[in-house]
1. List the residue pairs whose Cβ atoms are under 9 Å apart, where the first residue sits in the stretch 77-95 and is at positive phi, the second is within 16 Å of ligand 1 (Cβ to nearest atom), and the two are 6 or more positions apart or on different chains.
2. Within the stretch 66-73, can one find any residue that is modelled with pLDDT of 85 or more, open to solvent by 100 Å² or more (accessible area, probe 1.4 Å) and not aromatic (Phe, Trp, Tyr)?
3. Can you name every residue in the stretch 20-38 that is open to solvent by less than 50 Å² (accessible area, probe 1.4 Å) and either within 16 Å of ligand 2 (Cβ to nearest atom) or within 24 Å of LYS68 (Cα to Cα) (or both)?
4. Output the number of residues of the stretch 39-53 satisfying the condition of being surrounded by 14 or more Cβ atoms within 10 Å (Cβ to Cβ), in a helix (DSSP H, G or I) and of a type in the set (A, V, I, L, M, F, W, C).
5. On the given criteria, is PHE56 surrounded by 13 or more Cβ atoms within 10 Å (Cβ to Cβ), away from ligand 1 (no atom under 16 Å from the Cβ) and modelled with pLDDT under 85?
Amino acid sequence: MELQEKTLTCFDCGAAFVFSVEEQTAFQAKGYVNSPKRCPACRETRKARQLSSGNFKSIQPGFRSERKLFPATCAQCNQVTQVPFEPREGRPVYCRDCYNTLKTNR
Ligand SMILES: [Zn+2]
Ligand SMILES: [Zn+2]
């Protein structure tokens, strides 16, 4: 199935935002089947809130994650992110953006 850029309306703030092909691919890779209901800014806000509350799984009824995700802090930008493996001490963990940047810069 060919992906196309979509313009969606944020459920929280009502702003229109673009769901890019790149993001759609990333979403599918995570096993998500639904389009995001919120703009990136609101998603970040929610994610930060969920991670700090410690039980972000139960607050996401629309997203049943196939894989277990672990909260981690990106070694590059210090953003809170989620990784599909348990972060080990001494091993740097990167968010998706930094991981992609590092990969392409190599
Ligand atoms: Zn929004
Ligand atoms: Zn990062």
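1. So the pair list comes out empty.
2. Checked the stretch 66-73: no residue is modelled with pLDDT of 85 or more, open to solvent by 100 Å² or more (accessible area, probe 1.4 Å) and not aromatic (Phe, Trp, Tyr).
3. GLU23, GLN24, ALA26, PHE27, GLY31, TYR32, SER35, PRO36, ARG38
4. Looking only at that region, the number is 2.
5. Spelling it out, PHE56 is indeed surrounded by 13 or more Cβ atoms within 10 Å (Cβ to Cβ), away from ligand 1 (no atom under 16 Å from the Cβ) and modelled with pLDDT under 85.
Residues are listed down the side, and each one gets a yes or a no for (1) near ligand 1 (Cβ under 10 Å from one of its atoms); (2) touching a Gly at 6+ places or on another chain (Cβ under 9 Å); (3) at pLDDT below 80; (4) more than 22 Å from TYR99 (Cα to Cα):
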{"site": "GLU5", "(1), (2), (3), (4)": "no, no, no, yes"}
{"site": "CYS10", "(1), (2), (3), (4)": "yes, no, no, yes"}
{"site": "GLY14", "(1), (2), (3), (4)": "yes, no, no, yes"}
{"site": "GLU23", "(1), (2), (3), (4)": "no, no, no, no"}
{"site": "PHE27", "(1), (2), (3), (4)": "no, no, no, no"}
{"site": "VAL33", "(1), (2), (3), (4)": "no, no, no, yes"}
{"site": "THR45", "(1), (2), (3), (4)": "yes, no, no, no"}
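The values are calculated or read from the model by the stated rules, or taken from the named source; none is laboratory data. As the structure is a computational prediction, the values presented were derived from the model and not from experiment. So basically every Cβ, Gly included, is an ideal-geometry build from the backbone, and we count neighbours across all protein chains shown. Only protein heavy atoms, including side chains, enter the accessible area calculation; ligands, DNA and RNA are left aside. Shrake-Rupley method; radii C 1.70, N 1.55, O 1.52, S 1.80 Å.
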